[in-house]
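Step one of this worksheet: look at the structure below.
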Amino acid sequence: MNTAFSFDRALTYPFKAPHFKSFPWMFGLSYAAILVVLFLVIGLLSWQGIAEWFLAMQQIENDPNPAPDEVFALMFGGLGGLLPVLGVASLLGWVIWAMFEVASQKRYLFGEKFSLGFGGDELRMMVVGLLWSVMSIAVFLIPGILLFTAISVIMGSDLSAPMDDQTAGRFMAYFFGGFGLMFLFFFLYVFIATRLAPCFALTVKEREIRFFDAWNVSRGRFWPILGAYVIIAIVVSIVSQMVSMLAQLVMMPILMTLPEQGDVPTEALAGIFLSPGFIIPMALIYFMILFVQGLTQHFVAAPASLAARHDPRNDPSEAERVDVFS
């Protein structure tokens, strides 16, 4: 029986790791339930801001010739009252992600049953998650700045008049320059992300923050980790798309009941947003979507977790296999 790291084992590890009959499904159900409750609490605490933002979006849709500065003012101005709630929700989402990521890694590393907690492992995971976000932003920073500059060029121009050659040239240069670099830097991101992917499992395994040290664990294992990850991600994304399409079909009758005019009073929208006829179906729809999202988070972590479990630096037999796509 193959008990070492290999491509085929990394690919099937989500299904062959201990507790397959219970762990993934409890993981997905708990993930969906907690986030749906969080969304409901956010909605109840900020229903007025959400209603005002919804009306602002409808005002934009009903304007045949919206000015760019007015569009951005309505879009982001309406979010001003929601920022405190969104900030708290983001922090809670960060904590929840860390709790589930640690639970996921403990199954793959130690064969533990599903359980959630918050302690040193989760705090270290939050730090690793933050480092991962910083790395992602750093990779795409330059193309992001160029694309933002292209949008600024459009925002600063008069759309009611034909665009002059100089403005058009600046826009094209920034836009296609940023888009081209975004495309190239995507491959750089894939390489770096794959090499650092074992950092989550390595941090749980060694009970210390191990972000850059994951580079050593993935040495010679780039293609097996990436290949297994891509195949698993494709399969779960297909399932996710099917669930999303089903959810959209269910959502359409609900959305058709919403007012179409931008001058509807906020109180009228609140009566819709806070009614059981709106909340219950939407909660069920997002429960299905989040259940699949939770399964995705758990399954795609398997290849890198298996690599961290069989660290070639701690096992001479693994060190001899790292350059083999087996």
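For beta carbons closer than 6 Å, sequence separation of 6+ or different chains, a first residue in segment 285-300 that is closer than 14 Å to Ile238 by Cβ and a second that is outside any helix (DSSP H, G or I), there are no qualifying pairs. The listed residues are Phe185, Phe200, Phe211, and the only one of them that is outside any helix (DSSP H, G or I), in contact with a helix residue (DSSP H, G or I) (Cβ under 8 Å, 6 or more places away or on another chain) and not polar (S, T, N, Q) turns out to be Phe211. Here segment 1-41 is the region considered, the condition is being among the polar types (S, T, N, Q) and outside any helix (DSSP H, G or I), and the residue that is least open to solvent (accessible area, probe 1.4 Å) is Ser6.
When the residues of segment 79-90 are filtered to those that are under 15 Å from Phe39 (Cβ atoms) and at pLDDT 75 or above, which remaining residue is least open to solvent (accessible area, probe 1.4 Å)? My answer is Ala89.
Applying the selection to segment 109-140, what residues are more than 20 Å from Ser90 (Cα to Cα) and either without any contact (Cβ under 8 Å) to a residue 40 or more places away in the chain or not in a helix (DSSP H, G or I) (or both)? Correct list: Phe110, Gly111, Glu112, Lys113, Phe114, Ser115, Ala138, Phe140. Scanning segment 133-167 for residues that are touching a helix residue (DSSP H, G or I) at 6+ places or on another chain (Cβ under 9 Å), modelled with pLDDT of 65 or more and of a type in the set (Ser, Thr, Tyr) gives Ser136, Thr149, Ser152, Thr167. Checked against (1) within 28 Å of Leu123 (Cβ to Cβ); (2) surrounded by fewer than 21 Cβ atoms within 10 Å (Cβ to Cβ); (3) touching a helix residue (DSSP H, G or I) at 6+ places or on another chain (Cβ under 9 Å); (4) of a type outside the set (Asp, Glu), Val243 passes all but a single condition, namely (1). Phe76: at pLDDT 65 or above and either outside any loop (DSSP other than H, G, I, E, B) or surrounded by 14 or more Cβ atoms within 10 Å (Cβ to Cβ) (or both), yes or no? Judged against the criteria, Phe76 is not a match. Residues in segment 97-153 that are touching a Phe, Trp or Tyr at 6+ places or on another chain (Cβ under 9 Å) and of a type in the set (S, T, N, Q): Ser104, Gln105, Ser136, Thr149, Ser152.
The values are calculated or read from the model by the stated rules, or taken from the named source; none is laboratory data. Computed from a predicted structure; not experimentally measured. So basically every Cβ, Gly included, is an ideal-geometry build from the backbone, and we count neighbours across all protein chains shown. The area values use the complete protein model at the heavy-atom level, side chains included, leaving out ligands, DNA and RNA. Shrake-Rupley method; radii C 1.70, N 1.55, O 1.52, S 1.80 Å.
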